[in-house]
Amino acid sequence: MSINDMFASESVGHPSRREILRSFAIAGAGSAIVTAPWNEALTALQGRYADAPVTLRRSRESRDLSRDRFQSAEIAFTGIDAGFFRRHIRTTLHQAGAVAKLALCAYLLDVGFSDAWNAEHIRQDIAKALAYANATGLGLDCPHMARLAAILTPYWKWGYPHLIGDPPMDDGGFSPEQVCLLIRALLDRVHDATGHARLAHGGHQHATIAS
């Protein structure tokens, strides 16, 4: 089964993220406050992580910042895609963590999270960023991605050199190629959900991986 098949379809009987956000106009210097049906899921996550409450507020500024973060994620991904970060899995995971954070924060900004809230509460926690994104309609419920997000959290740990005598770090058994495939699928999904334009040199094919 492809990764896209796992999350491309919306749950029957529930409005899609785009249908929900289409009902909120973004005009001039104003903004739109996004409420149900995500309040219950957000409240549960905030209790789980002991995070400060968040009010989702969409604006032109957050939309522009979201687009910038997404394009930065695409630029950062080109090194993985080209093979520059695939010689060692640690290097691949470190770069993948940076790309994942940019992509997921791009989604969260687009749906109404503030940049300040993300900076304080997400930091380098890819698993938390993915949880909040899924709670607000990203729909990336692929178990492979959830496992990779846990391995990447916090992704700074993969940037440190491994010294003799250091305990082995759990890389989840992922190969660099599998990590590349999953991060490409994440970028595809954020692109599909936000509508942000791909970079001219992106040209990614939608990723697939065996279930």
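The values are calculated or read from the model by the stated rules, or taken from the named source; none is laboratory data. In this text, all values refer to a predicted model and were calculated from it rather than measured experimentally. No Cβ is skipped: glycine too gets one built from the backbone with ideal geometry, and neighbour counts run over all protein chains shown. Heads up: the accessible areas ignore ligands, DNA and RNA and are worked out on the full protein's heavy atoms, side chains in. Shrake-Rupley method; radii C 1.70, N 1.55, O 1.52, S 1.80 Å.
Quick look at the numbers
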quantity	calculated
Conditions (1) part of a helix (DSSP H, G or I); (2) of a type outside the set (Val, Ile, Thr); (3) out of contact with any Lys or Arg (no Cβ under 8 Å at 6 or more places or on another chain); (4) crowded, with 18+ Cβ neighbours inside 10 Å; number of the one not met by residue 105	(3)
Residue 211 vs. criteria buried (at least 16 other Cβ atoms within 10 Å of the Cβ) and either small (Gly, Ala, Ser) or modelled with pLDDT under 95 (or both)	no
Residues of segment 46-97 classified as part of a helix (DSSP H, G or I), touching a helix residue (DSSP H, G or I) at 6+ places or on another chain (Cβ under 7 Å) and open to solvent by 30 Å² or more (accessible area, probe 1.4 Å), total	10
Within segment 123-149, considering residues that are over 10 Å from the mean Cα position of the chain (by Cα) and either among the acidic types (Asp, Glu) or within 22 Å of residue 60 (Cβ to Cβ) (or both), the one surrounded by the fewest Cβ atoms within 10 Å (Cβ to Cβ)	141
